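The values are calculated or read from the model by the stated rules, or taken from the named source; none is laboratory data. Note that the structure is a prediction, hence the values are computed from the model and not measured. All Cβ positions, even for glycine, are placed from backbone atoms using ideal geometry, and neighbour counts span all protein chains on display.
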Amino acid sequence: MMMNITETIRTELLGLLQSGLASSTFTTVITDDTSLLQEVGLDSVQIIELIVAIEKHFKIPVFDEDISASLFDNFGDMVAFIEKKLNS
């Protein structure tokens, strides 16, 4: 069974998050509603690392104007952002 693009992005982004947070305690169960800032507790350095990882992994540009607190508001918003970038 093939995953749709949204499921593929979700799975790959989760992998990036988990590998990027390997040095910290990663115990949060991530759903589309999980806040990456509040619940996962990403700090500013981890956010920059995640953005760079997203750019490299998905081969998409993330411009300064793309970056806002709402982008990291929840996991589902970030998945939608990546999907929109891939389709543009």
Seminar exercise, completed: Subset of the stretch 51-81, residues exposed (fewer than 12 other Cβ atoms within 10 Å of the Cβ), under 15 Å from LEU16 (Cβ atoms) and either in contact with a helix residue (DSSP H, G or I) (Cβ under 9 Å, 6 or more places away or on another chain) or in contact (Cβ under 8 Å) with a residue 24 or more places away in the chain (or both), comes to LYS59
Exercise. Across the stretch 62-76, which residue is modelled with the highest pLDDT among those that are touching an Asp or Glu at 6+ places or on another chain (Cβ under 9 Å) and assigned to a loop (DSSP other than H, G, I, E, B)?
Worked result: VAL62
For this session: Output the residues belonging to the stretch 5-27 that are over 11 Å from the mean Cα position of the chain (by Cα), modelled with pLDDT of 85 or more and either among the hydroxyl-bearing types (Ser, Thr, Tyr) or in a loop (DSSP other than H, G, I, E, B) (or both).
Result: THR6, THR8
Seminar exercise, completed: Pairing a residue in the stretch 33-50 that is under 11 Å from PHE75 (Cα atoms) with any residue that is part of a helix (DSSP H, G or I) and of a type outside the set (D, E, K, R), where Cβ atoms lie under 7 Å and the two sit 6 or more apart in sequence or on different chains, gives ASP33/GLY76; THR34/PHE75; LEU36/PHE72; LEU36/PHE75; LEU36/MET78; LEU37/ALA69; LEU37/PHE72
Problem set entry | Meets criteria (outside any helix (DSSP H, G or I) and within 16 Å of GLY15 (Cβ to Cβ)) for ILE30 | yes
Exercise. Exactly one of (1) under 20 Å from THR6 (Cα atoms); (2) within 12 Å of the chain's Cα centre (by Cα); (3) surrounded by 15 or more Cβ atoms within 10 Å (Cβ to Cβ) is unmet by THR31. Its number?
Worked result: (3)
For this session: Any chance you could count how many residues in the stretch 38-50 are assigned to a loop (DSSP other than H, G, I, E, B) and surrounded by fewer than 16 Cβ atoms within 10 Å (Cβ to Cβ)?
Result: 4
